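J.: Just dropping this structure here.
The values are calculated or read from the model by the stated rules, or taken from the named source; none is laboratory data. Keep in mind it's a predicted model, so treat the numbers as computed, not measured. Positions of Cβ are backbone-derived with ideal geometry, glycine not excepted, and every protein chain shown enters the neighbour counts.
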Amino acid sequence: MNSTLTREQHLELYYFMRLNRELEEQMVRLFRQNKIVGGLYPSLGQEAISVGTAYALAPGDWIAPMIRNIGALLVRGFKPRDVLTQHLARYTSPTLGKDGTSHFGDLNVRHVISPTSVLGDLIPVMAGIGMAGRYLGQKIVTMTWIGDGGASTGVFHEGLNLAAVQKAPLVLIVENNQWAYSTPAGKQSALGDLADRARAYGIKSAIVDGNDVLAVELATREAAAHARAGNGPVLIEAKTMRMRGHAQHDAAEYVPKELLETWKQRDPLDRFEKLLTGKKFWDAKIKKEIDARIAREIQADVEFAENSPFPPPESAEEGVYCEGCHTIEADWKRPKEELLPPLSSVKPEWPAALLNESHGRNGVKRSAAKTKSGKKPARERVRTKAGR
Ligand SMILES: Cc1ncc(C[n+]2csc(CCOP(=O)(O)OP(=O)(O)O)c2C)c(N)n1
Ligand SMILES: [Mg+2]
């Protein structure tokens, strides 16, 4: 199936991918000037995944990015200044200068759960948010990302299995960039395709070229539609390559040069630029305008960040514990009384009518309340006899 995106949407995808790359390149320069306080985890070569996946969701959906998904934050409406002030640890940042990377989110408007450093833990969190949406009467999809290394954690299995049996509307992107720090993917799993893990959970999966933004966007859009319709989670393996070290301090000398050379030829931005030219969606003038706009935006935000103050020392003891400092109220789409005590066992508002029906107990379909002869199944007869 071909992408159905309009010319404007193609140009928007280019804008976000180029913004993602230029912003990170700018941060590399700031890192070399010793201005970046925390770590810098580049997504060079992986921009099509962050941007294409986030672009495919609806505005009310929820995402939980990882540190290499700055592109997803940009698509979701965060500005370069949010990312820059975070990395420079300024008081104007979303976390008021308390974090040196991109551990920030927005529960109210953008529906972004802050990344955590503990790999895999966001999978059950996002499964839970999807399930909560079901009870609240929302038709939301949730999405998070995990690397080839993070896919080996126990919580990856637990979270995905939970999502599968609950048919949670979760899209999980496995970003297979072939390295987990210095461990190659081949030493991480004996599977050639990490997407094959989906079979163990009984869920749908897809493999996509992670350097082709249109393919990534389309695969995610289809996965989101599948999950939103109540069919359960989808695992998408996006194949790509980490083009720099794990973080800025890692020269990645353990990565074969030829591998990097091969993947350089598949650069997602170069490829998309050629596609835009081939489709006559732009010319040199339009490209120049977009690139100039990006340069202006980044420059203004670098100045803003550099001119922002560091947090005052006393702020270190603020916001550590919640003392009623914020109220989080769920967006109820149905009367609360339906779900809260004294009612305690109400049906969820969930489009998956067949929840758990495909297997039933011991392979017996649950809907088979009676046997062919019209008698109740043995299990129920025993129960009746025992008077339970
Ligand atoms: C549970 C857990 N184990 C180990 C780490 C330390 N750690 C941080 S990133 C990383 C490598 C992750 O590799 P991968 O999942 O492939 O993601 P990538 O860095 O390639 O994007 C490790 C081991 C961690 N943060 N959490
Ligand atoms: Mg990796």
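J.: Among the residues of region 19-26, is there at least one that is surrounded by fewer than 16 Cβ atoms within 10 Å (Cβ to Cβ) and over 18 Å from residue 144 (Cβ atoms)?
T.: Yes, there is a match, as at least one residue in region 19-26 is surrounded by fewer than 16 Cβ atoms within 10 Å (Cβ to Cβ) and over 18 Å from residue 144 (Cβ atoms).
J.: Which one is modelled with the lowest pLDDT, of the residues in region 64-103 that are small (Gly, Ala, Ser) and closer than 21 Å to residue 48 by Cα?
T.: 102
J.: Check 74, 84, 40 and return the single one that is aliphatic (A, V, I, L, M), assigned to a loop (DSSP other than H, G, I, E, B) and in contact with a helix residue (DSSP H, G or I) (Cβ under 8 Å, 6 or more places away or on another chain). Step through it out loud before you land on a result.
T.: Working: 74 fails: assigned to a loop (DSSP other than H, G, I, E, B); 84 fails: assigned to a loop (DSSP other than H, G, I, E, B).
Criteria check complete, one pass: 40.
J.: So residue 256 passes all but one of these: (1) surrounded by 11 or more Cβ atoms within 10 Å (Cβ to Cβ); (2) within 16 Å of ligand 2 (Cβ to nearest atom). Which condition number does it fail?
T.: For residue 256, the exception is condition (1).
J.: Give the residues of region 191-211 that are in a helix (DSSP H, G or I) and in contact with a Phe, Trp or Tyr (Cβ under 9 Å, 6 or more places away or on another chain), sorted by residue number.
T.: 197
J.: With 163, 198 as the choices, which residue is small (Gly, Ala, Ser) and in contact with a Gly (Cβ under 9 Å, 6 or more places away or on another chain)? Before the answer, list the steps.
T.: Details: 198 fails: in contact with a Gly (Cβ under 9 Å, 6 or more places away or on another chain).
Within the list 163, 198, the selection yields 163.
J.: Residues of region 285-334 being at pLDDT 95 or above and outside any helix (DSSP H, G or I), which ones?
T.: 307, 308, 309, 310, 311, 312, listed by residue number.
J.: Given the condition out of contact with any Lys or Arg (no Cβ under 6 Å at 6 or more places or on another chain) and among the aromatic types (Phe, Trp, Tyr), answer yes or no: does some residue in region 198-206 qualify?
T.: Yes, region 198-206 contains at least one residue that is out of contact with any Lys or Arg (no Cβ under 6 Å at 6 or more places or on another chain) and among the aromatic types (Phe, Trp, Tyr).
J.: Criterion first (small (Gly, Ala, Ser), buried (at least 22 other Cβ atoms within 10 Å of the Cβ) and over 20 Å from the mean Cα position of the chain (by Cα)) does residue 89 satisfy it?
T.: Here the answer is yes, as residue 89 does meet what is asked.
J.: Continuing with this model, one more query. I'd like to check something: does region 90-104 contain any residue that is aromatic (Phe, Trp, Tyr) and in a loop (DSSP other than H, G, I, E, B)?
T.: For region 90-104, residues aromatic (Phe, Trp, Tyr) and in a loop (DSSP other than H, G, I, E, B): present.
J.: A further question follows. Is it the case that some residue within region 176-198 is more than 14 Å from the chain's Cα centre (by Cα), within 16 Å of ligand 1 (Cβ to nearest atom), over 22 Å from residue 40 (Cβ atoms) and buried (at least 22 other Cβ atoms within 10 Å of the Cβ)?
T.: Within region 176-198, one or more residues are more than 14 Å from the chain's Cα centre (by Cα), within 16 Å of ligand 1 (Cβ to nearest atom), over 22 Å from residue 40 (Cβ atoms) and buried (at least 22 other Cβ atoms within 10 Å of the Cβ).
J.: Return the pairs, sorted by first residue and then second, in which the second residue is among the aromatic types (Phe, Trp, Tyr), the first residue lies in region 54-68 and is within 16 Å of ligand 2 (Cβ to nearest atom), the beta carbons are less than 8 Å apart, and the residues are 6+ apart or on different chains.
T.: Once the first residue is within 16 Å of ligand 2 (Cβ to nearest atom) and sits in region 54-68, its partners that are among the aromatic types (Phe, Trp, Tyr) give 65/145; 66/145; 67/41; 68/41; 68/145.
J.: What about residue 132, is it over 30 Å from residue 271 (Cα atoms), surrounded by fewer than 17 Cβ atoms within 10 Å (Cβ to Cβ) and away from ligand 1 (no atom under 13 Å from the Cβ)?
T.: Against the criterion (over 30 Å from residue 271 (Cα atoms), surrounded by fewer than 17 Cβ atoms within 10 Å (Cβ to Cβ) and away from ligand 1 (no atom under 13 Å from the Cβ)), residue 132 qualifies.
J.: Next question, about the same structure. Which of the residues that make up region 99-129 are in contact with a Gly (Cβ under 7 Å, 6 or more places away or on another chain) and either over 23 Å from residue 89 (Cβ atoms) or within 9 Å of ligand 1 (Cβ to nearest atom) (or both)?
T.: Result: 111, 119, 120, 123, 124, 127.
J.: Check whether at least one residue in region 23-46 is within 16 Å of ligand 2 (Cβ to nearest atom), under 28 Å from residue 140 (Cα atoms) and under 17 Å from the mean Cα position of the chain (by Cα), and report yes or no.
T.: Yes, region 23-46 contains a residue that is within 16 Å of ligand 2 (Cβ to nearest atom), under 28 Å from residue 140 (Cα atoms) and under 17 Å from the mean Cα position of the chain (by Cα).
J.: Going by the conditions given, is residue 237 touching a Leu at 6+ places or on another chain (Cβ under 6 Å) and in contact (Cβ under 8 Å) with a residue 60 or more places away in the chain?
T.: The answer is yes for residue 237.
J.: Please identify the pairs in which a residue from region 90-106 that is of a type in the set (Phe, Trp, Tyr) has its Cβ atom under 9 Å from the Cβ atom of a residue that is surrounded by fewer than 21 Cβ atoms within 10 Å (Cβ to Cβ) and outside any loop (DSSP other than H, G, I, E, B), counting only partners at least 6 apart or on another chain.
T.: Sorted first by the residue in region 90-106, then by its partner, the pairs are 91/315.
J.: Specify the residue that is nearest to residue 48 (Cα to Cα); the eligible residues are those in region 139-190 that are near ligand 2 (Cβ under 8 Å from one of its atoms) and either of a type in the set (Lys, Arg) or part of a strand (DSSP E or B) (or both).
T.: Per the criteria, the residue is 175.
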